[in-house]
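Have a look at the structure below before the remarks.
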Amino acid sequence: MAVIIEIERLQLYYGAFHALKNVNLSIPENNITAFIGPSGCGKSTLLRTLNRMNDTIQGVRIEGDVTIQGRNIYASDTEVEFLRKRVGMVFQQPNPFPKSIYDNVAYGPRLHGVTKKADLDALVEQSLRSASLWHEVKDVLKKSAWSLSGGQQQRLCIARALAVEPEILLMDESTSALDPISTTKIEELTRELRQKYTIVMVTHNMHQAARISDRTVFFLNGEVVEASETETLFRAPVDQRTEDYISGRFG
C-alpha cells in the first residue's frame with residue numbers, strides 16, 4: 001500500500017500550550033483515514049497541519065516533518081497556494097460563497113488560470129457529478145448557492161474542493177451539522193471518492209469511522225495512541241485507552 005503522507009516527530013504549540021506531541025503517522029494513498037478522539041485531543045489540529053491552515057493562527061510553532069509524496073510541505077520553498085490546490089478541505093459547517101452554484105465551483109479553477117467557458121463548463125459539470133449533485137442542480141446553476149439545503153450546500157463545497165483537481169481531501173467533521181439523510185449521502189459519496197482521492201477525515205462519531213474508513217487513528221491529549229486498520233482497531237484494540245474510549249468509558 002503506497003504511503004502519500006508521512007508525518008514524523010511532529011510537535012505543535014499554540015503559544016505555551018503543547019497541542020501535538022511527537023506525532024508519527026503514515027497515511028496511505030486512496031484510503032479513508034479517520035481521526036477519532038475526545039474534544040480537544042488534537043485531531044483537527046493535525047488535520048489542519050496537512051494543508052498549513054494553522055499558519056493563519058498567531059503564536060503557532062511547528063517542529064518536525066510533514067511530507068506529501070516525499071516533499072516536506074513546511075520547507076521554505078513550499079508554495080502554500082499550490083499546496084492547498086493539492087490538498088482540498090471541507091469544513092464542519094457548509095460554507096458556500098455568496099455566488100451562484102456555478103460560480104462557487106468555477107471559483108478555484110478561475111483562480112488557477114482556467115478562463116475558457118467550455119473548460120469551466122466541463123470542470124463544473126465533472127465536479128458536481130463527482131459530488132453526486134449534478135442531477136439536482138443542473139437546471140438551476142445560476143441560482144444562489146444559499147438556496148440549496150444544508151446537505152446540498154455541503155456537497156457543493158465538496159464539488160468546489162474537487163474542481164481544482166486535488167490529490168488529497170481533508171474533511172473536518174463534514175457531516176456533524178447535517179441531518180441523517182444528508183449524512184448518509186455524504187458518507188456514500190466519501191466511499192466513492194476514495195477510488196480517486198486520498199481522504200483524511202475528523203469525526204466525533206465513532207460509528208461513522210467504523211462504517212466508512214479504511215484506517216482509524218485514535219488521539220488523546222495531543223498524542224497518537226493507536227493507528228491501525230479500522231476493523232482491527234474497533235474489534236481488538238492494542239492499547240487499553242483505546243478500548244476505554246470506544247467502549248464509552250470516557251470521551
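FYI, it's all coordinate maths here, none of it is from the lab. Computed from a prediction, not measured in an experiment: that's the story for all the values here. We place every Cβ from the backbone using ideal geometry, glycine too, and count neighbours over all the protein chains shown.
Contact order normalised by length for the stretch 130-251, with contacts defined as Cα pairs under 8 Å and 6 or more residues apart; what percent is it? Write down the numbers at each step before the final one.
Details: 105 pairs, mean separation 21.0, N = 122.
Once divided by the residue count of the stretch 130-251, the mean separation gives 17 percent.
Hey, in the GNM for the chain with a 10 angstrom Cα cutoff, which one of Thr190, Thr175, Thr115 fluctuates hardest?
Fluctuation is largest for Thr115.
Pull up all non-local amide H partners of Glu226: gap of 5 or more, or a different chain, and H-to-H distance under 5 Å with H placed in the peptide plane.
Placed amide hydrogens put Phe218 under 5 Å from Glu226.
Could you run the Karplus curve 6.51 cos²θ - 1.76 cosθ + 1.60 with θ = phi - 60° over the stretch 2-14 and give me ³J(HN,Hα) per residue in whole Hz, x for Gly and Pro?
6, 9, 9, 10, 10, 10, 9, 6, 7, 10, 9, 10, 9
So how many Å³ per residue does the convex hull of the Cα atoms of the stretch 38-108 work out to? Please list the in-between numbers first.
Values: hull volume 9.7 nm³, N = 71.
Each residue corresponds to 137 Å³ of Cα convex hull volume.
Rounded to the nearest 5, what % of DSSP beta bridges with both residues in the chain are antiparallel?
Working: 25 of 42 bridges.
Around 60 percent of the beta bridges assigned by DSSP in the chain are antiparallel ones.
Using only alpha carbon pairs under 8 Å that are at least six residues apart, calculate the relative contact order of the chain and give it in whole percent. All intermediate terms of the calculation are to be shown ahead of the outcome.
Working: 465 pairs, mean separation 69.4, N = 251.
Relative contact order comes out at 28 percent.
Mind counting lysine pairs for me in the stretch 1-119? Cα separation below 21 Å, and the two need to be 8 or more apart along the chain or on different chains. List each step's numbers first, then the result.
Values: Lys21/Lys43; Lys85/Lys99; Lys85/Lys116; Lys85/Lys117; Lys99/Lys116; Lys99/Lys117.
Within the stretch 1-119, the lysine pair count is 6.
Taking 0.36 nm per residue of sequence separation and subtracting the Cα-Cα distance, how much length would be gained by fully extending the chain between Ile181 and Ser144, in nm to one decimal? Intermediate values should be presented prior to the final figure.
On the way: separation 37, 0.36 × 37 = 13.32 nm, distance 2.26 nm.
11.1 nm is the gain from fully extending Ile181 to Ser144.
Just need the Rg to Rh number for the stretch 4-126, please, alpha carbons only, Kirkwood Rh.
Taking Rh as the inverse mean 1/r over Cα pairs, Rg/Rh reads 1.02.
To test your reading of the geometry: what angle, between 0 and 90 degrees and rounded to tens, separates the Cα axis of helix 101-111 from the longest principal axis of the chain?
Approximately 70 degrees, to the nearest 10.
Once phi is turned into θ = phi - 60°, what whole-Hz ³J(HN,Hα) does the Karplus curve with 6.51, -1.76 and 1.60 give for every residue of the stretch 85-99, x standing for Gly and Pro?
Coupling constants for the stretch 85-99: 6, 6, 10, x, 9, 10, 9, 5, 9, x, 9, x, 5, x, 9 Hz.
With a cut-off of at most 11 other beta carbons within 10 Å, and DSSP calling the residue loop, which GluC sites (Glu not before Pro) in the stretch 26-100 qualify? Please list them.
Details: sites: Glu29, Glu63, Glu79, Glu81; in loops: Glu29, Glu79.
For GluC sites (Glu not before Pro) across the stretch 26-100 that sit outside H, G, I, E and B with at most 11 neighbouring Cβ atoms in 10 Å, the list reads Glu79.
How big is the antiparallel share of DSSP beta bridges in the stretch 125-251, given as a percent to the nearest 5?
Working: 6 of 11 bridges.
In the stretch 125-251, approximately 55 percent of DSSP beta bridges are antiparallel ones.
Relative contact order for the stretch 185-230: what percent, with Cα pairs under 8 Å and sequence separation of 6 or more?
Working: 30 pairs, mean separation 12.4, N = 46.
Relative contact order here is 27 percent.
Limiting things to C-alpha atoms, what are the Rg and the maximum Cα-Cα separation (Dmax) for the chain, in angstroms?
In Å, with Rg to one decimal and Dmax whole: 18.3, 57.
In debye to the nearest 20, how big a dipole does the chain give about its Cα centre with +1 on each Lys and Arg Cβ and -1 on each Asp and Glu Cβ? It would help to have the intermediate numbers written out before the result.
Values: 29 positive and 31 negative charges, 136 e Å.
Computed charge dipole of the chain: roughly 660 debye.
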